[in-house]
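Beneath this line is the structure, given in structure tokens, with notes to follow.
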């Protein structure tokens with residue numbers, strides 16, 4: 001799981017002190033929330049695309065006068081934000097301090113792509129065969145048992161009925177038995193990787209407000225990754241009129257299959 005790089009002198013840094021002087025007590029937490037938000041949804045370059053000052057202040061939890069927080073973060077003495085020529089807000093010195101987050105996500109995506117596009121994918125798919133066969137057998141209808149008749153005439157066929165039956169030695173030989181399906185078990189490395197994927201997806205979903213039980217169910221989908229969760233959540237964050245983003249995110253992922 002990616003994490004933020006925070007200098008040990010952050011809380012005593014002059015920029016942090018100036019931000020507190022401008023915005024008041026506990027303002028030193030706001031840049032941390034800003035970095036965490038950018039790391040989740042804009043890790044590549046820290047550009048907060050389609051996010052106005054009001055949206056930025058909302059996602060980082062600013063409760064003061066509108067516009068004052070972003071204004072203070074743009075100030076030269078307490079700069080935590082920059083503004084592009086097109087008006088897009090950019091986290092100040094993002095690549096220098098938090099550029100490792102994008103590298104981490106890229107490495108995770110490449111590892112997942114290599115895992116699911118090669119021989120590992122077929123081996124993992126084949127490892128599910130026993131459970132599929134077992135489930136199919138458990139759904140088969142029960143065969144009714146035959147009751148033994150008390151009528152002696154029905155227990156053995158009459159002699160004339162046995163005429164024409166093949167003797168044991170005259171029966172046609174059976175063909176060769178079909179080859180048995182050999183299923184390779186899931187390797188320890190693949191099982192560990194699958195466990196890490198589920199844990200990352202569960203953490204990503206719960207971080208967006210999804211109930212842990214529902215997050216665990218969705219994490220069982222092998223096609224779902226933490227990056228997919230973040231991409232959908234980022235898109236939902238830009239949609240107006242979404243009263244319950246967590247529920248909307250769950251419905252979106254369920255429809256995506």
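The table for this structure:
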{"quantity": "For segment 3-102: span of alpha carbons on each principal axis (Å, largest first)", "calculated": "32, 30, 22"}
{"quantity": "Projected label distance in nm at residue 95 and residue 12, using a 7 Å step from Cα toward the beta-carbon", "calculated": "3.2 nm"}
{"quantity": "Theoretical gain in end-to-end length, residue 111 to residue 188 [0.36 nm per residue, Cα-Cα removed]", "calculated": "26.1 nm"}
{"quantity": "Descending Cα extents along the principal axes, segment 43-105, whole Å", "calculated": "36, 23, 22"}
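Every number here is computed from the coordinates shown, using simple stated rules; none is lab data. Since the structure is predicted, the reported quantities are computational estimates derived from the model, not experimental observations. FYI the Cβ positions are ideal-geometry reconstructions off the backbone, even for glycines, and counts take in every protein chain you see.
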